[in-house]
Structure formats: C-alpha cells, structure tokens
Amino acid sequence: MKGQRFVREVMESKQRILRISFVVGAIFFLLLLRLWHLQILNADDYRSMSENNRLRFVPVAASRGAIMDRTGKVLVSNRPSFSLAVVPQEVKEKDSLLDHLARLLGLDRAELEDRWKKAMGRAKYYPIVLASNISRDQVEIIEENRLRLPGVDIEMKPVREYSSKTLAAHLLGYIGEVSEDEMNKKGLDEYNPGDYIGKNGIERSWEHELHGKDGGRQLEVDARGRVLRTITESYPTVGNSVVLTIDAALQQQAEKAFGDQAGAAVVMNVNTGEVLAFVSYPTFDPALFSGKLPADVWKSYLDDKRHPLENKALTGQYPPGSTFKIITALAGLEEGKLTENSTVNCTGSYKLGSSTFKCWNKRGHGTTNLKKALRESCDVFFYQLGEQLGVDQIAKTAKKFMLGAPMGIGLANEKPGMIPTAEWKLKRFGKRWYHGETLPVAIGQGYVLMTPIQLVSMIATVANEGTVYRPFLVKRIVDSEGKTLKEFKPEVMGRTGIAPANFRLVKQGLFSVVNDPGGTGGVARLTDVLVAGKTGTSQVVKMRDSKRSTPYQYRDHALFVAFAPYDKPEIAVAVVVEHGEHGGSAAGPIVRRVLQAYFDSKKPVSKPVGSSTAPEEDDSQSEDQPPVNNQAAPVDGPND
C-alpha cells in the first residue's frame, strides 16, 4: 500500500512540474513574441516616436513670385508677416494654453480650438498655425510671456503687398489660408494648415507657378525645447513671376474714368488678343483678404449696391443692346437680305401682328439705309431685318464670332453669355420660338446676353475683318533670376469667313457713329486719331414709370464698343456702365479717355527746355469734359 501511494505521489509531482513548466514556457514564448513584435515588426514606428520626442520641425515658407504688368512694373510683391504657431508635443495642457493665448492676445478661443483640431493627425513635432498675420504688438506680447507659453513660437511668412493698392484687384485676385477642402484636392497635398494659396484671379489661376516650394529645418531640442543642433535643412524655392499683358497706366486711366459709376471695361489688341486693361468697377482692397477681414469692411462691401466684389468683366452677363446690331447687320449682308442701298422708312415704331415695337426715336428716322441705321441706331431698321433673317440666321452669324460660349481668357468662372436659337428655347422651356421674339434679339435684347470680354472680342474681330483671337492675360513666366521660362503667343480661335466687303460696309457705319453729325457716339471722337464704334443701351426692366425717377437698380445699362485707328486698327475697347442709361453719354467718355491714354502713351515724351526730367502726368482732367473737337455729342435715346 505504501509503495503504491509513493508511486502515485511521484506521478502527481511530475504532472504538477509538467504543468508548471508548460505555463512558464508559454509565458516565455509570449514574452519573446512580444519582443519580436516590438523590436522587429514595429521597430520603425517606435524609432519614429522616439525621434518625435526630441525633434522639432521649423518650416520656412517660400516667397510667392511677383506679378508684373507688360512693362515690368511690379503690381504684386511680398512683405513679411507673423504667425502664431505651437508645437503639440511640447504642450501638456492644451486647453489651458489656448485659454491663456485667447486672453493674452484677444483671439477667438473657438477659432484656436478649431485650428488645433484641423491639424491633428500630423507629426506632433510639426507646428500648428493658430493665428496668421498677427500684429507686431501681439508678437511683442508673446515674446514677453514666452516662458509661460510652452511650445509657442512665432513664424515669419511672406504675404502679398499690392503696390497700386486696389488697381486691377479683380484681375490680380488675392490669397488666403488654404482650406481643408483645398488641401484634399489633387496636386495640393504639399500644403499645410496655415499656408497661403491663391483664391481667385491670377493668384488662383497661376498658383502652380507663383507658389514656390517651402523649405524648413529639423532641429534637435532638449526636454525644455531648447535647440541643441540642426539635423537637416532645406532652403525654400521662390515662386516664378507672371508678366501680364495689361498696361498698368492704361488700367489706371480706365478705372479712374468710371468715377462713381459701376461697370466693366476691357481693352484688347485687335491683332493679337492681348488684353491691355481689364476693369471691374468699383474695386476692393485685396490685401485685406490675406488675413481676417474686418467685419465693418465686409459689411460695407456687401451693402454697396454697386457690388464691388463681383468681377463684372468676367462674370457680368448683359443684354448687349444696340452694339449687337453689328452682328445683325453682318448676318443680313451675308444672307443677301441687305445691301448697301437697302432702305427702310422708320416712323418711330413697327407693327408685327398685334404687337407694336417702338424705336427709341419716337418721331422716327425717316428713310434709313444701313449707314444711317448704324449711325443713328435706328431700331425699326433692325426690327425688319431681324424679321427677314429669323433668329437662327442671326445666331449662326453670332457663333462665327465664338459668342455664346466662354472665350477661355484663363480665369476661373468665366460666364458663357447666351445666343438664343429656336432649338435652345424648345429644350429650355419646352416651347416653340415665336416670330415676334426675333425682333428684340435683332437689337440685342430678349434672351441675348454677352460678357464684356465677348463684347471686346466682337468689335476686335470686326476691326481686323474676321479673325477671332482668344483674349489672353499672361505674356510670359519668368524665374527669380528674370529668365523667361514660358512665353505665350497669340491664338486664333477661328475665322468668321464673312466677306471683307461686308465688314467694310459695317465699319463705315461704325465710323459714322463717332464722326458724322447725328451719330450717337460723337463723345468718343479724338482730334488726332479716327475712332469707330457703336453705342448701346440695354433694358433692365421692360417697362419704366416715366412719371417718377427710376430707382438705380432698374435703370438701363449703357454700353459702347469701339476700335481705333479706323484705317489701321490696333486697339479695341468695350465698356459697360451698369444702370448708366445711355451708351453715348455714360460709356462714351470712358471709351474716349481710354483711347486717348493709349495713343498718348505712344507719343514721344517731350522734355521742357532746360529740364532733365519728363513732366509729371496731369491727371486733373475730368472724364466729364466735352468732346475734344468741341462739337456737341448727341445724347442717346432710351434704347441706345
């Protein structure tokens, strides 16, 4: 019995030892597995985490390239600005730090929190920009309290400086902090929160060239954030500069000519498509948009009935009014519905079915041929011509000028305008085209819409007799050393195929508009250069109460398109004055001032005897002065 018990006890002891050995072995196996996992599989991750505990990255923002006019004058450059940044790995109490910064600097606590959250997911040693473009006073406060602000630093970033303040603001555009949505877009993955990016205009369209490449330094710091050494360093690359086609002096004269009026003007070389001036007025201060726009300034922009933030030259779509009679006339000549000697008797109105279509001249123009119809802008002449042509024939000619679609000027959000057809109306409204709807189209009303860019392209194409050049704004791209990287040449969009003889007949009428007695555009006449053009007035509302003064927003728009010199065209101008009422009296003086400034700039500068410097420009002359040849200019009627 004793022997059996002994054997049993020995067996039980062996089993316990075996179980204990198995458990110990399992524990050692798990430990070895964990060590393998930590030291081999995740070695890189933990090495990175270790580095993060002692490294700090200091970004160095690249300077954006400059924007210059065609003469090399710098319109947009850079100036230093300061940003408030914080390194997350050095912050133990985030909420306490943000509360302290908000109180100390007068910043919005919620905005600081939002910026912090948006930057999460990036390396903890990479600084988060909490506030951009802070004042020097705020910088001094931070420096004075640096010991109580762990992880807080000041970064210097270049922001835009506009040498001519508000000049060409809609064209140049402005920059602002990159948004989360923008950072997620393809090609923008190198941007970080707090970086600046072009928001509109040239700044946006040419962001890739202007931005440059940021640099930075990777520093080793101790537990207190003190710099021990520089580990790596990369230098920023300055962005390329953009040379525009516009002339800053001409742009300035065009903007001044608007006075208190709102509208747009585009000036173009008729033989290349180069845009020499690109005006949307009133304008705004683009420098304000680089930081936080003051609430009172933002409100003043929104409350201004002239809509200063709208790029009217690019997105404004206006009925072209009587300027569109150029297209109707060419359509009539091309289709054989009109000759140089065709006449219409204008009695002041035209009756079609049960509808009566009035001419702006209630007394009528009497017997009227093409030249007189253009000179005095007779509506009845073009009503009857439009009836003979039909809307599709008018549209066919308009589309030879590439109208009804964006011109591709190179800025985002360009509008297409509208050239109606019978098919378009059926698709758009599910209704057929009525015969009487063609008559308003023939004089640039009804469904017809054009942008100022299209207006200047139209008159430029008439001036050069059929070649449609794509309007363009950038002449070349140059690097920081001034070396040309890209140069842009004129691009032909198409050719109208219209007979030169028909162009010349219309051009004779346009010459008469400006230079002959009774012409609606006499105010644009110059003493030493022959000008040709066409006035227009487009209705904003169909009926107006003549017994009371019309509110501003319901007044007609005033238009004027012109080119010069008549015998050898160089320059085309299109002007729209919103709610200006009459093309000749409102838009005409602007056209005259632009043309005068252009041709004056081509004259040799004469120096006073005994003087070594050129006289300063006299800008005291008002745009409201009488025509330079002292012959009174006629005032247009309600439709012109």
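Just so you know, all these numbers are worked out from the coordinates, no wet-lab data involved. The structure displayed is predicted, hence computed values, not measured ones. Methodologically, a virtual Cβ is constructed for each residue, glycine included, from the backbone with ideal geometry; neighbour enumeration extends over all protein chains shown.
Sort the following peptides by mean Cβ neighbour count (other Cβ atoms within 10 Å, averaged over residues), highest first: 594-602, 448-456, 28-36, 345-353.
On the way: 594-602: 18.7, 448-456: 28.1, 28-36: 10.1, 345-353: 14.7.
Top to bottom by mean Cβ count within 10 Å: 448-456, 594-602, 345-353, 28-36.
Sort Trp424, Trp360 so the one with the fewest other Cβ atoms within 10 Å of its own Cβ comes first.
Numbers: Trp424 17, Trp360 21.
Taking fewest neighbouring Cβ atoms as first place, the list is Trp424, Trp360.
How long are the semi-axes of the ellipsoid equivalent to region 55-244, from square roots of 5 times the Cα gyration tensor eigenvalues, in whole Å, largest first?
On the way: eigenvalues 194, 66, 50 Å².
One finds semi-axes of 31, 18, 16 Å for region 55-244.
Roughly speaking, what is the centre-to-centre gap between region 92-116 and region 377-446 when only Cα atoms are used, to the nearest Å?
A separation of 58 Å, based on Cα centres.
About the Cα centre of region 279-372, how large is the charge dipole given +1 on each Lys and Arg Cβ and -1 on each Asp and Glu Cβ? Please answer in debye to the nearest 20. Don't jump to the answer; show the numbers that get you there.
Values: 13 positive and 8 negative charges, 112 e Å.
Roughly 540 debye for region 279-372.
Please identify the GluC sites (Glu not before Pro) of region 58-134 that satisfy two criteria: DSSP loop assignment and at most 11 other Cβ atoms within 10 Å. Which are they?
On the way: sites: Glu90, Glu93, Glu111, Glu113; in loops: Glu93.
When the GluC sites (Glu not before Pro) of region 58-134 are filtered for loop state and at most 11 Cβ neighbours within 10 Å, Glu93 remain.
Specify, per residue and in Å³, the volume enclosed by the convex hull of the alpha carbon atoms belonging to the chain. Walk me through the numbers before you get to the answer.
Working: hull volume 179.5 nm³, N = 640.
Here the figure is 280 Å³ per residue.
With everything on Cα atoms, drop me the angle between helix 248-257 and the longest principal axis of the chain, reported from 0 to 90° to the nearest 10.
60
In the structure displayed, which of Lys213/Lys486; Lys165/Lys602; Lys165/Lys213 lie more than 24 Å apart, Cα to Cα? Provide the component values of the computation, followed by the final result.
Values: Lys213/Lys486 19 Å; Lys165/Lys602 26 Å; Lys165/Lys213 27 Å.
With Cα atoms farther than 24 Å apart: Lys165/Lys602; Lys165/Lys213.
Could you list the trypsin sites (Lys or Arg not before Pro) in region 172-213 that lie in coil according to DSSP, counting only those with at most 14 other Cβ atoms within 10 Å of their Cβ? Don't skip to the answer; put the middle values down first.
Numbers: sites: Lys185, Lys186, Lys199, Arg204, Lys213; in loops: Lys185, Lys186, Lys199.
Qualifying residues, ordered by number: Lys185, Lys186.
Hey, can you rank 288-296, 388-396 by average C-beta count inside 10 Å, highest first?
Put in order of decreasing packing, that is 388-396, 288-296.
If you average 1/r over every pair of different alpha-carbon atoms in region 320-473 and take one over that average, what Kirkwood value in Å do you get? Can you show the working numbers first?
Values: mean 1/r = 0.0622 Å⁻¹.
Over region 320-473, the inverse of the mean reciprocal pair distance is 16.1 Å.
Using alpha carbons only, how many degrees (0 to 90, rounded to 10) separate the axis of helix 500-515 from the longest principal axis of the chain?
80
Where does each of 399-406, 137-144 land if you order them by average Cβ count within 10 Å, highest first?
Taking the mean over residues of other Cβ atoms within 10 Å, the ranking is 399-406, 137-144.
For the chain, with only Lys/Arg (+1) and Asp/Glu (-1) charged at the beta-carbon, what is the dipole magnitude about the Cα centre, in debye rounded to 20?
1960
What is region 140-213 by shape, rounded, prolate or oblate, if you read a ≥ b ≥ c off the alpha carbon gyration tensor as root eigenvalues and call it rounded for a/c under 1.5, prolate for a/b larger than b/c, and oblate otherwise? Mind dumping the intermediate values first?
On the way: a/c = 3.17, a/b = 1.54, b/c = 2.05.
Because a/c hits 1.5 or more and a/b fails to exceed b/c, region 140-213 counts as oblate.
So what is the relative contact order of the chain, in percent, for Cα pairs below 8 Å that sit 6 or more residues apart? Working shown, then result.
Working: 1340 pairs, mean separation 82.1, N = 640.
Result for the chain is 13 percent.
Enter the per residue convex hull volume of region 240-345, computed from alpha-carbon coordinates, in Å³ rounded to the nearest integer. Could the numbers behind the result be given before it?
On the way: hull volume 20.3 nm³, N = 106.
That works out to 191 Å³ per residue.
Give the residue from Asn502, Val344, Leu32 lying farthest towards the positive end of the charge dipole for the chain; charges sit on Cβ (+1 for Lys and Arg, -1 for Asp and Glu) and the dipole is referred to the Cα centre.
Towards the positive end, the residue furthest out is Leu32.
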